[in-house]
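**Student:** Let me begin by handing over the structure; questions about it come next.
The values are calculated or read from the model by the stated rules, or taken from the named source; none is laboratory data. For clarity, every value in this text was computed on a predicted model and none was experimentally measured. Because the Cβ atoms are built from the backbone with ideal geometry, glycine has one as well, and the counts that use them run over all protein chains shown.
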Amino acid sequence: MQRTKVKLLASAVLLSTFATCNTPTNPTLPMSIPDTNLVDRKPAVAGQFYPDNPIELRTMIRGFFNQMTAPENPGFTMAIISPHAGYVFSGEVAAKAFNQLDPQKQYSTVFIIGSSHRASFGGGSVYTAGNYITPLGTVPIDLELARTLAMSNKDLSFDPHYQRNEHSLEVQIPFLQEVLKKPFKIVPILLGTQDPGICKSIAKRLKPYFSPENIFVISADFSHYPKYEDAVRIDRMLADAIITNNPETFIEAEQECMRESVSNLATGCCSWPAVLTLMYMTDKDPLIEYKHIAYQNSGDSKYGEKDRVVGYNALAVIRKPNQEMGFDLTDPEKKELLSIAKNIEESNAICVIIKIWLFYSDQLKSVYQRTYIYDKKEICLIFAELSSLCL
């Protein structure tokens with residue numbers, strides 16, 4: 001009876017929404033009054049870490065992607081870890097990280113998280129004053145979300161001073177501008193803490209946004225200043241620790257490499273708090289898998305030396321398809337679905353039903369990886385998939 005009622009309800013709603021659900025909408029980005037007092041963040045390291053000429057910059061980035069094949073399932077990528085050095089040193093590895101993204105996907109928000117190289121401060125700073133500018137143009141910040149985050153967590157705040165001259169977030173953005181073919185907004189978060197407890201608190205606040213419609217870009221280099229052979233070993237050790245998806249294993253690996261007293265080693269992972277924050281979001285999720293994509297260090301560049309290098313790993317966080325058939329909705333969840341569907345406007349009902357199913361079913365999360373409804377054909381296809389599974 002329950003199954004029949006839900007199917008009848010969904011069928012009736014489906015028929016009533018063909019005329020209203022075929023336009024792309026983004027329910028997470030409501031219309032708001034334009035902010036006329038924006039202070040855009042201007043590029044701080046253009047002409048140093050990467051070309052300040054837009055033509056040269058695009059040419060350089062596109063050159064990194066030459067002969068690079070797309071991953072099998074880019075829609076399953078939830079996050080990437082990308083280096084933040086000068087492009088002549090780390091650009092090729094960064095490109096292999098960004099190659100894991102789906103260039104045609106309409107991401108709701110791109111979260112960029114890195115660690116401060118210039119100041120130590122408690123928690124993290126979210127840029128909320130305006131947008132980010134690069135030689136390739138202006139990238140809008142999701143100001144409503146950024147301000148919500150900055151005001152709702154004691155460990156997140158806003159101070160424009162911290163991001164003004166920081167390079168770790170900035171160098172990721174031209175790759176996003178070149179790779180993503182659809183408009184996107186960002187939330188740049190700069191961490192000034194090295195306290196795992198604060199990283200965990202920030203991760204808890206961000207975890208609701210760790211979903212298929214968003215993407216997280218974690219800016220991190222690895223070993224700093226050992227000789228080439230030591231860097232290769234240490235950088236692999238840290239990458240292997242990240243792949244375990246166990247934050248404590250990663251913390252121990254960072255501490256272990258520092259206990260080894262390797263000559264000239266300053267850190268095993270620059271921006272380890274940013275990586276740790278990501279791992280606290282993914283910890284204990286059996287459907288999350290970390291994949292190592294690529295490695296180089298500055299000694300591999302024609303501009304680098306072998307006796308003093310910086311390491312660069314590219315990693316991707318993938319949501320694995322749930323192999324279990326059917327849905328695991330409880331009876332209360334079934335009733336909640338029906339209640340919500342009965343009490344919303346008919347024009348939005350099918351969209352809400354699909355979003356609820358996607359929320360409760362990791363299987364369909366992995367299949368569709370989005371919450372947008374584009375046309376009648378797509379509605380029918382999604383509805384057919386829903387109807388074929390047992391409630």
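**Student:** Criterion first (surrounded by fewer than 19 Cβ atoms within 10 Å (Cβ to Cβ), of a type outside the set (S, T, Y), touching a Leu at 6+ places or on another chain (Cβ under 9 Å) and modelled with pLDDT of 95 or more) does K200 satisfy it? Steps first, please.
**Tutor:** Details: surrounded by fewer than 19 Cβ atoms within 10 Å (Cβ to Cβ): yes; of a type outside the set (S, T, Y): yes; touching a Leu at 6+ places or on another chain (Cβ under 9 Å): yes; modelled with pLDDT of 95 or more: yes.
For K200, the condition - surrounded by fewer than 19 Cβ atoms within 10 Å (Cβ to Cβ), of a type outside the set (S, T, Y), touching a Leu at 6+ places or on another chain (Cβ under 9 Å) and modelled with pLDDT of 95 or more - is met.
**Student:** Only one residue in V217, V232 is touching a residue at least 24 places away in the same chain (Cβ under 8 Å), closer than 16 Å to S82 by Cβ and of a type in the set (V, I, T). Which one? Please lay out each step first, then the result.
**Tutor:** Details: V232 fails: closer than 16 Å to S82 by Cβ.
V217 is the lone residue from the list that is touching a residue at least 24 places away in the same chain (Cβ under 8 Å), closer than 16 Å to S82 by Cβ and of a type in the set (V, I, T).
**Student:** Okay, moving on. For residues in the range 175-197 being more than 19 Å from D155 (Cα to Cα) and under 15 Å from the mean Cα position of the chain (by Cα), which is surrounded by the fewest Cβ atoms within 10 Å (Cβ to Cβ)? Before the answer, list the steps.
**Tutor:** If we filter the range 175-197 for residues that are more than 19 Å from D155 (Cα to Cα), which is where we start, we get 175-186.
Next, from what is left, pick out any that are under 15 Å from the mean Cα position of the chain (by Cα): 175-177, 179-180, 184-186.
Details: F175: 25, L176: 21, Q177: 20, V179: 16, L180: 19, F184: 19, K185: 20, I186: 25.
Here the residue is V179.
**Student:** Working only within the range 276-292, note down all residues that are assigned to a strand (DSSP E or B) and surrounded by fewer than 19 Cβ atoms within 10 Å (Cβ to Cβ).
**Tutor:** Quick first cut of the range 276-292, residues assigned to a strand (DSSP E or B) only: 288-292.
I288, E289, K291, H292 - these are the residues of the range 276-292 that are assigned to a strand (DSSP E or B) and surrounded by fewer than 19 Cβ atoms within 10 Å (Cβ to Cβ).
**Student:** OK, next. Mind checking which residues of the range 198-253 are closer than 19 Å to K291 by Cα and of a type in the set (D, E, K, R)?
**Tutor:** Once the filter is applied, which keeps residues that are closer than 19 Å to K291 by Cα and of a type in the set (D, E, K, R), the range 198-253 yields D221, R233, D235, R236, D240, E248.
**Student:** Please tell me if F184 is farther than 26 Å from G122 by Cβ and not acidic (D, E). Spell out how you get there, then give the answer.
**Tutor:** Values: farther than 26 Å from G122 by Cβ: yes; not acidic (D, E): yes.
It is true that F184 is farther than 26 Å from G122 by Cβ and not acidic (D, E).
**Student:** Applying the selection to the range 205-231, what residues are buried (at least 21 other Cβ atoms within 10 Å of the Cβ) and more than 30 Å from I141 (Cβ to Cβ)?
**Tutor:** Across the range 205-231, the qualifying residues are S223, P226, A231.
**Student:** Is it the case that the range 210-218 has a residue that's farther than 20 Å from Q100 by Cα, within 18 Å of the chain's Cα centre (by Cα) and among the hydrophobic types (A, V, I, L, M, F, W, C)?
**Tutor:** Within the range 210-218, the subset farther than 20 Å from Q100 by Cα is none.
Scanning the range 210-218, I find no residue that is farther than 20 Å from Q100 by Cα, within 18 Å of the chain's Cα centre (by Cα) and among the hydrophobic types (A, V, I, L, M, F, W, C), so the answer is no.
**Student:** Within the bounds of the range 103-116, is there any residue that is modelled with pLDDT of 95 or more, out of contact with any Ser or Thr (no Cβ under 8 Å at 6 or more places or on another chain), closer than 21 Å to T193 by Cβ and assigned by TED's automatic domain parsing to the domain that holds D300?
**Tutor:** Checking the range 103-116: at least one residue is modelled with pLDDT of 95 or more, out of contact with any Ser or Thr (no Cβ under 8 Å at 6 or more places or on another chain), closer than 21 Å to T193 by Cβ and assigned by TED's automatic domain parsing to the domain that holds D300.
**Student:** Which condition does D285 not pass, out of (1) touching a helix residue (DSSP H, G or I) at 6+ places or on another chain (Cβ under 8 Å); (2) within 24 Å of K200 (Cβ to Cβ); (3) in contact (Cβ under 8 Å) with a residue 40 or more places away in the chain, if it passes all the others?
**Tutor:** (1)
**Student:** Still on this model: (1) over 21 Å from T193 (Cα atoms); (2) surrounded by 16 or more Cβ atoms within 10 Å (Cβ to Cβ); (3) touching an Asp or Glu at 6+ places or on another chain (Cβ under 9 Å); (4) among the small types (G, A, S): which one isn't true of S263, the others all being true?
**Tutor:** (2)
**Student:** Looking only at the range 235-275, count every residue that is part of a loop (DSSP other than H, G, I, E, B) and free of Cβ contacts under 8 Å to residues at least 60 places away in the same chain and tell me the total.
**Tutor:** Filtering the range 235-275 for residues part of a loop (DSSP other than H, G, I, E, B) gives 244-246, 260-271.
Still in the list and also free of Cβ contacts under 8 Å to residues at least 60 places away in the same chain: 244-246, 260-269.
Number satisfying all stated conditions: 13.
**Student:** Looking at the range 27-61, which of the residues that are over 23 Å from the mean Cα position of the chain (by Cα) and among the polar types (S, T, N, Q) is modelled with the lowest pLDDT?
**Tutor:** S32
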